[in-house]
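Just so it is clear, none of the values below were taken in a lab; they were calculated from the coordinates. All values reported here derive from a predicted model rather than from experimental measurement.
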Amino acid sequence: GNSVTQMEGPVTLSEEAFLTINCTYTATGYPSLFWYVQYPGEGLQLLLKATKADDKGSNKGFEATYRKETTSFHLEKGSVQVSDSAVYFCALRRNFGNEKLTFGTGTRLTIIP
Amino acid sequence: DTEVTQTPKHLVMGMTNKKSLKCEQHMGHRAMYWYKQKAKKPPELMFVYSYEKLSINESVPSRFSPECPNSSLLNLHLHALQPEDSALYLCASSQEEGWGYEQYFGPGTRLTVT
């Protein structure tokens, strides 16, 4: 079946540090890949997505590249801010029919000033 | 407007109570979803409605009863819940149900069952 594995959290970084949150996946076929962010007390927001191999999704300074050869979709940001503190979920959805989103377990990120 | 609204924001109910959660969107989306999220866990899909008809029920206990009275509104009726049902209940919507359509999430209702 489909599965998403994220790096264990929590992750604590200083402001302006470089961020990487690892995500690898298992799926048959060619899924679309997503990063969602959940700020404290809120629902999920789509941060970025990529629908095919070698696509790069980007938004708000965050980037992730769909790597089919390593089945990975790692999230990166060059300089994090305190406002980036949130829980980040990697997810996939296979590209046919009414497939549901499969989420990773989430990574809690805390940025300290 | 890409907003999904949910009411109430918080709900505390006893195990014998009946209550309802409400979700609304005005984006013209034809697919709507209920998810359950336990603390420090990812969301789990419960139900999907497509064009006001139930499309997916992820083997959810009958004490949860969804309803889609029109294309903008999704309810979740709760009855005889257990303490382990305490969670954040998220609603989402998308233009259609298929894989190519982005899901927009509401802020959730935090439910506590006492």
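Miscellaneous remarks
- Derived scalar couplings between HN and Hα for the range A:77-86 equal 8, x, 8, 7, 10, 4, 5, 7, 4, 4 Hz in order, rounded to whole Hz, by the Karplus curve 6.51 cos²θ - 1.76 cosθ + 1.60 (θ = phi - 60°), x for Gly and Pro.
- For chain A, the relative contact order is 37 percent, taking Cα pairs closer than 8 Å that sit 6 or more residues apart in sequence and dividing their mean separation by the residue count.
- Phi to ³J(HN,Hα) by Karplus 6.51 cos²θ - 1.76 cosθ + 1.60 over the range B:60-66, Hz, x for Gly, Pro: 7, x, 5, 5, 9, 10, x
- For B:Met46, the residues whose amide H sits under 5 Å from its own are B:Trp34, B:Tyr35, B:Lys36, ignoring neighbours fewer than 5 places away on the same chain, with H placed 1.01 Å from N.
- Taking 28 Å as the straight-line reach from the Cα of B:Lys9, the lysines in range (excluding those fewer than 8 positions away in the same chain) are A:Lys60, A:Lys100, B:Lys18, B:Lys19, B:Lys22, B:Lys36, B:Lys38, B:Lys40, B:Lys41, B:Lys53.
- Interchain or long-range residues, amide H under 5 Å from A:Asp55's placed H: A:Tyr66
- Integer Hz, Karplus 6.51/-1.76/1.60 couplings in order for the range B:80-91, x for Gly and Pro: 6, 6, 10, x, 6, 7, 4, 5, 8, 9, 10, 9
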